[in-house]
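No value in this document is a laboratory result; all are computed from the given coordinates. These numbers come from a predicted model, not from an experiment. Cβ coordinates were reconstructed from backbone atoms using ideal geometry, including for glycine residues, and neighbour counts include every protein chain displayed.
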Ligand SMILES: Nc1ncnc2c1ncn2[C@@H]1O[C@H](COP(=O)(O)OP(=O)(O)OP(=O)(O)O)[C@@H](O)[C@H]1O
Ligand SMILES: [Mg+2]
């Protein structure tokens with residue numbers, strides 16, 4: 001069997017793939033299908049970037065579903081990747097196959113997980129569902145693990161390993177794992193008892209090279225003896241602009257990786273003047289439309305205005321501080337060949353298909369507080385390089401590292417261009433990871449004895465790489481941590497069981513340390529202040545926080561004194577290694593406090609020097625943690641804290657003061673319209689019920705459609721003036737940006 005036509009699968013699937021332009025299988029895909037994977041055998045596919053791993057996964061999923069072996073689970077490491085796969089797989093709905101995605105803030109509407117044939121989840125979401133022991137887990141027939149080499153990631157790797165270990169116990173499903181080319185892919189295969197397909201074949205040739213002084217020294221594919229030099233004449237002030245324009249001159253697009261958010265912005269600004277000449281009139285007008293969607297009104301945060309301005313000129317920056325909407329607009333405009341250049345941090349590197357003919361990696365060093373500056377792993381370099389030359393977009397690709405001296409160039413060629421990625425290894429033996437995951441498996445009654453714990457651990461990559469005994473003492477100390485923290489109980493017969501608190505903590509998907517922190521603080525204090533709670537949340541290991549820059553330090557040191565009485569934890573001494581972290585917590589708590597005092601996103605992002613994406617992340621996580629705190633207060637018999645925690649939770653959700661909580665519960669009413677109504681004297685639902693419809697409609701930011709919707713929600717019969725109104729309202733629901741834009745139109 002070699003050809004697409006000969007695949008033993010429903011012909012409709014084959015026709016479907018052909019209609020999408022897949023004419024024949026790539027050689028590693030053929031090799032994969034020859035392993036028995038279509039009959040249900042496990043497979044590890046470790047082949048280069050862009051060699052079509054997803055297609056193999058797709059065909060295996062469809063085969064399993066159509067053969068009645070069960071539903072398919074597709075695990076991804078990133079929400080953005082989930083979105084790309086969801087949009088990709090939706091095409092199978094015409095074959096009667098339902099697709100759903102659940103990652104938290106991007107959940108697909110409509111299709112419930114239980115009903116979906118293909119379910120796309122981030123690893124963390126899958127872990128959380130496993131904890132709830134959803135009954136459909138048994139119906140899983142096949143699990144696809146995308147980017148499985150990320151077991152090597154110290155923070156998220158253990159979750160991936162444990163989810164798979166648990167699913168192996170619970171579902172008995174087939175596993176198809178997709179991996180970058182790593183040197184010990186055979187170990188992953190032996191862990192998963194899978195066949196291994198390894199290859200260096202790439203559908204689109206990728207030349208990797210290093211730039212120095214007007215020349216790029218290129219090495220073609222893995223044929224390292226094939227060397228060529230590309231001259232890049234120096235014409236512009238900015239050397240990087242020459243390397244970028246060298247590709248734009250030939251109608252290609254460029255992705256430029258730098259190490260920090262700040263550099264993405266400054267680099268995009270420095271390049272913008274060189275880009276304009278490459279834009280057509282048509283693309284300029286479409287770019288202007290996108291720039292407008294990003295926003296350029298007085299209420300738009302400075303960073304977004306800058307992004308909007310740059311986008312209009314054909315270049316964008318991309319980093320985790322962007323909010324979801326901005327990120328999608330940038331990625332889509334790049335895919336549509338409107339943006340010529342995107343300057344990004346490496347978060348963009350994993351798995352996504354982008355039309356970059358040339359990827360430039362300016363920074364191969366990264367800074368970490370604990371490690372200082374260090375060179376990135378080869379695997380990460382290869383992932384970034386692999387964004388260039390994707391089959392859908394280009395006939396060839398180029399990845400270019402940027403050297404400043406001859407010796408640096410030689411070192412880069414040697415270390416990155418000509419080297420294979422390093423081996424990967426399990427990160428499970430970390431105290432925090434074991435505490436978190438052992439509590440989960442005890443709470444879900446997957447493992448209640450030492451033997452059962454050993455059984456679960458034996459399913460992990462760790463056990464495959466190490467003598468299991470080497471992890472024994474880590475397990476014992478994690479168990480005693482959980483027992484001391486009263487999250488589990490150990491009966492004399494050595495049976496482990498979770499306490500009610502342990503069970504709830506596991507279901508809430510919070511770190512055991514967070515559960516202990518919340519319980520202790522809420523039991524110790526009779527009462528709390530708003531800031532005290534917000535800081536407590538920020539002190540927990542589950543809350544992302546910002547940092548205090550050197551120039552802000554003094555300001556925060558002084559501020560901390562004002563808050564000292566409200567804090568629910570002991571404040572570290574100045575000079576203590578935890579002190580700067582503590583200031584970051586205080587700063588983040590202030591951001592949250594401003595958010596629920598109705599400060600605008602513009603004011604928050606500008607006063608605290610954070611991105612809108614950050615604000616959304618802080619708020620979303622805090623909302624969950626405040627809810628978790630109220631649950632912990634309930635379970636640990638501290639009901640006095642609950643009403644206030646519930647109110648803070650709702651305030652975080654809507655970003656409002658307490659007085660308009662009643663109003664924002666209405667669909668279509670967010671913080672801006674809510675405040676507007678309140679200021680007009682409409683302070684309660686009764687007021688809204690009583691006011692005549694036409695008067696309500698005349699209030700700025702409201703209008704007829706919203707007014708009608710409010711009345712309907714209050715049970716008043718209204719004759720709808722236009723049937724499309726309800727959909728308009730659904731779109732604006734909780735959509736602060738669009739409401740903000742509306743307000744701008746009024747003022
Ligand atoms: N047989 C084929 N013929 C033509 N195009 C194909 C074929 N198989 C896959 N492709 C296309 O190749 C592109 C890259 O595929 P895919 O995203 O699966 O890469 P990948 O192997 O997962 O890479 P990465 O490691 O970067 O995630 C996609 O646009 C896909 O549609
Ligand atoms: Mg992929």
Inset, instruction - Would you mind listing how long the range 136-279 runs along its three principal axes, going by Cα atoms, in whole Å with the largest first? - result: 62, 38, 27
Legend entry - Exposure proxy order (Cβ contacts within 10 Å, fewest to most) of 437, 415, 319: 415, 319, 437
Inset, instruction - Can you tell me the relative contact order of the range 4-198? Whole percent, Cα pairs under 8 Å, sequence separation 6 or more. - result: 28
Inset, instruction - Can you work out the PRE-style zone for residue 286? Point 7 Å along Cα to Cβ, and I want the residues of the range 299-315 with backbone N under 16 Å. - result: 311-315
Inset, instruction - Mind grabbing the base-10 log of I(q)/I(0) for the range 34-149 at q = 0.12, 0.22, 0.23 Å⁻¹? Debye formula, identical points on the C-alpha positions, no solvent, two decimal places. - result: -0.39, -1.42, -1.55
Inset, instruction - Please express the shape of the range 447-575 as an equivalent ellipsoid: the semi-axes are the square roots of 5 times the eigenvalues of the C-alpha gyration tensor, given largest first in whole angstrom. - result: 37, 20, 12
Inset, instruction - Would you mind getting the Kirkwood hydrodynamic radius of the range 512-655 from its Cα pairs, rounded to one decimal in Å? - result: 15.3
Inset, instruction - Can you figure out the FRET efficiency of residue 698 with residue 133, using R₀ = 51 Å and their beta-carbon distance, to the nearest 0.05? - result: 0.45
Legend entry - Kirkwood Rh, angstrom, the range 304-372 [1 / mean 1/r, Cα pairs]: 13.1
Inset, instruction - Using only C-alpha positions, report the orientation-averaged shadow area of the convex hull of the range 206-417, nm², one decimal. - result: 12.1
Inset, instruction - Percent of Cα-Cα pairs per 5 Å bin, from 0 to the last occupied bin, for the range 326-420, please list those. - result: 2, 12, 22, 23, 19, 12, 8, 3, 0
Legend entry - Computed log₁₀ I(q)/I(0) - Debye formula, equal Cα scatterers, no solvent, the range 415-519, q 0.16 Å⁻¹: -0.68
Inset, instruction - Can you tell me the relative contact order of the chain? Whole percent, Cα pairs under 8 Å, sequence separation 6 or more. - result: 10
Inset, instruction - Kindly work out what percent of the DSSP beta bridges joining two residues of the range 206-417 are antiparallel, to the nearest 5. - result: 40
Legend entry - Using a Förster distance of 45 Å, the FRET efficiency for residue 547-residue 451 (Cβ separation, nearest 0.05): 0.50
Inset, instruction - Could you estimate the translational diffusion coefficient of the range 572-645 from the Stokes-Einstein equation, with Rh from the Kirkwood formula over C-alpha pairs, at 10 °C and 1.306 mPa s, in whole µm²/s? - result: 113
Legend entry - Radius of gyration, Dmax [the range 304-343; alpha carbons; angstrom]: 8.9, 23
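Counting pairwise Cα distances across the range 4-198, what percent come out greater than 26 angstrom?
25
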Inset, instruction - Among DSSP beta bridges whose residues both lie in the chain, state the antiparallel percentage, nearest 5. - result: 30
Legend entry - the range 430-469 shape via C-alpha gyration tensor axes, a/c threshold 1.5: oblate
Legend entry - Gained length - residue 414 relative to residue 484, 0.36 nm times residue gap less alpha-carbon distance: 20.1 nm
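Taking only C-alpha pairs under 8 Å that are 6+ residues apart, what is the relative contact order of the range 431-508 in percent?
42
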Inset, instruction - For the chain, build the convex hull from the C-alpha positions and give me its volume per residue in Å³. - result: 188
Legend entry - Gap separating the Cα centres of the range 1-77 and the range 535-602, nearest whole Å: 50
